[in-house]
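Each remark here refers to the structure printed beneath this line.
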Amino acid sequence: MNYSLFDDASDMQPWIEPICEGALILRHFSVSDEIALLDGIQQILSKHPFRQMRTPNGHRMSVAMTCCGEVGWVSDSNGYRYSAYDPENGEHWPAMPDSFYLLAVQAAQEAGFPDFKPDSCLINQYQARSHLSLHQDKDEKNLGAPIVSFSLGIPATFLFGGMQRTDAIQRYHLAHGDVVVWGGPARLRYHGVAPIKEAAHPLLGTQRINLTFREAI
Ligand code: MD3
Ligand code: FE
């Protein structure tokens with residue numbers, strides 16, 4: 001019998017929730033690694049703070065972003081691309097912390113992708129009312145590799161569509177510690193994030209941070 005009084009991170013047992021062929025949610029996967037992840041994020045932010053990029057059509061995104069790894073995802077009036085350099089200061093993006101890499105590879109392995117070797121990590125910051133419109137991720141070189149995403153902080157409703165923008169949408173609640181692996185036939189499906197509801201998380205405060213690991217180059 002476990003008489004633990006508190007619902008702390010060490011109590012959280014992970015479980016797997018299948019979404020479709022190639023995609024699954026590892027619920028509570030990264031709760032016990034939250035401190036290592038937050039530490040890594042703080043290091044990156046000290047030289048590469050969150051910024052709201054502009055889409056090619058000139059709109060400022062409501063999601064703020066930064067990156068680590070060999071290349072980072074950037075967007076401006078010239079379009080979307082992966083770049084080795086932070087356009088804000090011309091410096092190379094910081095290396096991906098070893099702890100990030102190991103966690104992402106482990107998640108991919110548990111989802112049936114034993115060869116995943118991410119070279120890029122996009123870090124998205126959502127505040128109340130931030131959203132991400134439906135899109136496909138197809139700027140990466142290796143579309144055979146999955147994308148592994150870690151959710152931290154306040155929850156989100158993730159929108160998962162089909163191969164066409166107008167296909168029906170499934171909704172998934174993503175909470176702190178949930179990890180989603182998207183590969184195989186799920187890799188090119190339209191997806192987005194519904195406007196975030198105001199909330200507070202004991203460790204992250206009023207924000208949601210999402211890490212996406214990719215084989216980009
Ligand atoms: C499904 N980010 O950065 S992560 C993105 O919560 C992005 O910040 C969202 O979409 C976020 O591009 C969603 C989950 C995710 C990432 C990539 C996917 C789901 C995906 C690629 C294909 C299908
Ligand atoms: Fe995406």
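The values are calculated or read from the model by the stated rules, or taken from the named source; none is laboratory data. From a predicted model like this one, the values you see are computed outputs, not experimental measurements. Because the Cβ atoms are built from the backbone with ideal geometry, glycine has one as well, and the counts that use them run over all protein chains shown. SASA here: full protein model, heavy atoms, side chains in, ligands and nucleic acids out. Shrake-Rupley method; radii C 1.70, N 1.55, O 1.52, S 1.80 Å.
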Checklist entry - Taking every pair of alpha-carbon atoms in the stretch 16-214, what share in percent sits in each 10 Å bin, from 0 to the bin with the longest distance? => result 9, 38, 42, 12, 0
Next on the checklist: Could you sort CYS20, CYS68 by their accessible area in this structure, using a 1.4 Å probe and putting the largest first?
Outcome noted: CYS20, CYS68
Next on the checklist: List the lysines whose Cα sits under 30 Å from the Cα of LYS117, skipping any in the same chain fewer than 8 residues away.
Outcome noted: LYS47, LYS138, LYS141
Checklist entry - How big is the stretch 12-62 in terms of Cα radius of gyration and Dmax, in angstroms? => result 16.6, 44
Checklist entry - To the nearest 10 square angstrom, what accessible area does GLU198 show with a 1.4 Å probe? => result 150
Item to check | Ellipticity estimate at 222 nm from DSSP helix runs (n ≥ 4, -39,500 (n - 2.57)) divided over the chain, nearest 500 | outcome: -4000 deg cm²/dmol
Next on the checklist: Could you tell me how far the Cα centroid of the stretch 167-208 sits from the Cα centroid of the stretch 114-152, in Å?
Outcome noted: 11
Next on the checklist: Using 0.36 nm times the number of residues separating HIS201 and GLN13, minus their current alpha carbon distance, what extension gain do you get?
Outcome noted: 65.8 nm
Checklist entry - In the full protein assembly as shown, how much of ILE16 is accessible to a 1.4 Å probe, in Å² to the nearest 10? => result 90
Next on the checklist: I'd like to know which of SER75, THR55, PHE100 lies farthest towards the positive end of the charge dipole of the stretch 16-214, counting +1 on Cβ of Lys and Arg and -1 on Cβ of Asp and Glu.
Outcome noted: THR55
Checklist entry - Using a 1.4 Å probe, how large is the accessible area of ASP98, given in Å² and rounded to the nearest 10? => result 120
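Report the full-extension gain for the segment SER62 to GLU88: residue separation times 0.36 nm, less the Cα-Cα distance, to one decimal in nm.
My answer for the length gained is 7.6 nm.
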Checklist outcome for this item: If the chain between ASP76 and LEU38 were fully extended at 0.36 nm per residue, the gain over the current Cα-Cα distance would be 10.9 nm
Checklist entry - Put HIS131, HIS173, HIS191 in order of accessible area, largest first, 1.4 Å probe: what do you get? => result HIS173, HIS131, HIS191
Checklist outcome for this item: Rounded to the nearest 0.05, FRET efficiency between GLU110 and ARG165 (Cβ-Cβ, R0 35 Å) equals 0.70
Next on the checklist: At 1.4 Å probe size, put LYS141, LYS117 in order of accessible surface, largest to smallest.
Outcome noted: LYS141, LYS117
Checklist entry - If all Cα-Cα distances of the stretch 109-207 are sorted into 10 Å bins from 0 onward, what percent lands in each bin, rounded to whole numbers? => result 14, 45, 33, 8
